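The values are calculated or read from the model by the stated rules, or taken from the named source; none is laboratory data. Fair warning: this is a prediction, and the values are worked out from it, not measured in the lab. Neighbour counts are summed over all protein chains in view; Cβ atoms, including those assigned to glycine, are modelled from backbone coordinates with ideal geometry.
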């Protein structure tokens, strides 16, 4: 089968619907004789031709309906409910953490805590370590006053500061060494109470607060009325 190589005829086939009567009659006469141009016309403008497919797509696009903005927003919100819950939970946890941190920001933080015990060497050079502590080594994140209490069985007493003395101070600089008097028992427990240096309350007031809490069997402030002088919450550190 011969192929038609006349470009003018090919252009007329592509614009078949736009030709006037005379041009269309001439093209129809050519199509009767040229099978190649007939196939080209059918592939281009036939029921399954390229132009017919474009017309079908254009018609389908024209049938699309406009979606109202509020409907689109509702659809997007339905897809975002899980990320929204995750973000809400994360923000809630952050708020709780900040609130708790704010409540404890005035607490004295212990940066170093150690116990020193005396030791001696016998005639064979064997060290013997006294089980009773001789001193406490304390360093804090801020300047603070220290109160030290000895607890053993039913006995409860303050050993620092000693009677008539002032509470020793510790701070963020060099570690402070708190020398202890001789304990009543090697089985005694020590309670170190650290109070911000600017906090109020006399030695007697802090004694009463600490003794009251220990006799109640508690190591932290109770709910309700604040048991600590001027509402200042101390830091409690036990040994051992």
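How many residues does region 134-162 contain that are assigned to a loop (DSSP other than H, G, I, E, B) and more than 21 Å from residue 234 (Cβ to Cβ)? Talk me through it step by step, then tell me what you get.
First, the residues of region 134-162 that are assigned to a loop (DSSP other than H, G, I, E, B): 134, 141-143, 153-154, 161-162.
Now drop any that are not more than 21 Å from residue 234 (Cβ to Cβ), which leaves 134, 153-154.
Qualifying residue count, region 134-162: 3.
Does residue 156 qualify as being within 20 Å of residue 211 (Cβ to Cβ) and either buried (at least 18 other Cβ atoms within 10 Å of the Cβ) or outside the structural domain of residue 116 (by TED's automatic domain parsing) (or both)?
No: the conditions fail for residue 156.
May I ask you to list pairs of residues, at least six apart or on different chains, whose Cβ atoms are under 7 Å apart, with the first in region 192-213 being within 14 Å of residue 162 (Cα to Cα) and the second being in a loop (DSSP other than H, G, I, E, B)?
Close Cβ pairs (under 7 Å, with a partner that is in a loop (DSSP other than H, G, I, E, B)) amount to 203/161; 203/167.
Residue-by-condition table, conditions (1) closer than 22 Å to residue 131 by Cβ; (2) modelled with pLDDT of 90 or more; (3) not in a loop (DSSP other than H, G, I, E, B):
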position	(1), (2), (3)
183	yes, no, no
191	yes, yes, yes
200	no, no, no
204	no, yes, yes
208	no, yes, yes
213	no, no, yes
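Testing residue 101 on (1) over 30 Å from residue 141 (Cα atoms); (2) at pLDDT below 75, one condition comes back false. Which one is that?
If we test residue 101 against (1) over 30 Å from residue 141 (Cα atoms); (2) at pLDDT below 75, just (1) comes out false.
I'd like the full set of residues that are part of a loop (DSSP other than H, G, I, E, B) and farther than 21 Å from residue 204 by Cβ, limited to region 163-179. Before the answer, list the steps.
So the first thing to find is which residues in region 163-179 are part of a loop (DSSP other than H, G, I, E, B), and the list is 163-168, 171-175.
Across region 163-179, the qualifying residues are 171, 172, 173, 174, 175.
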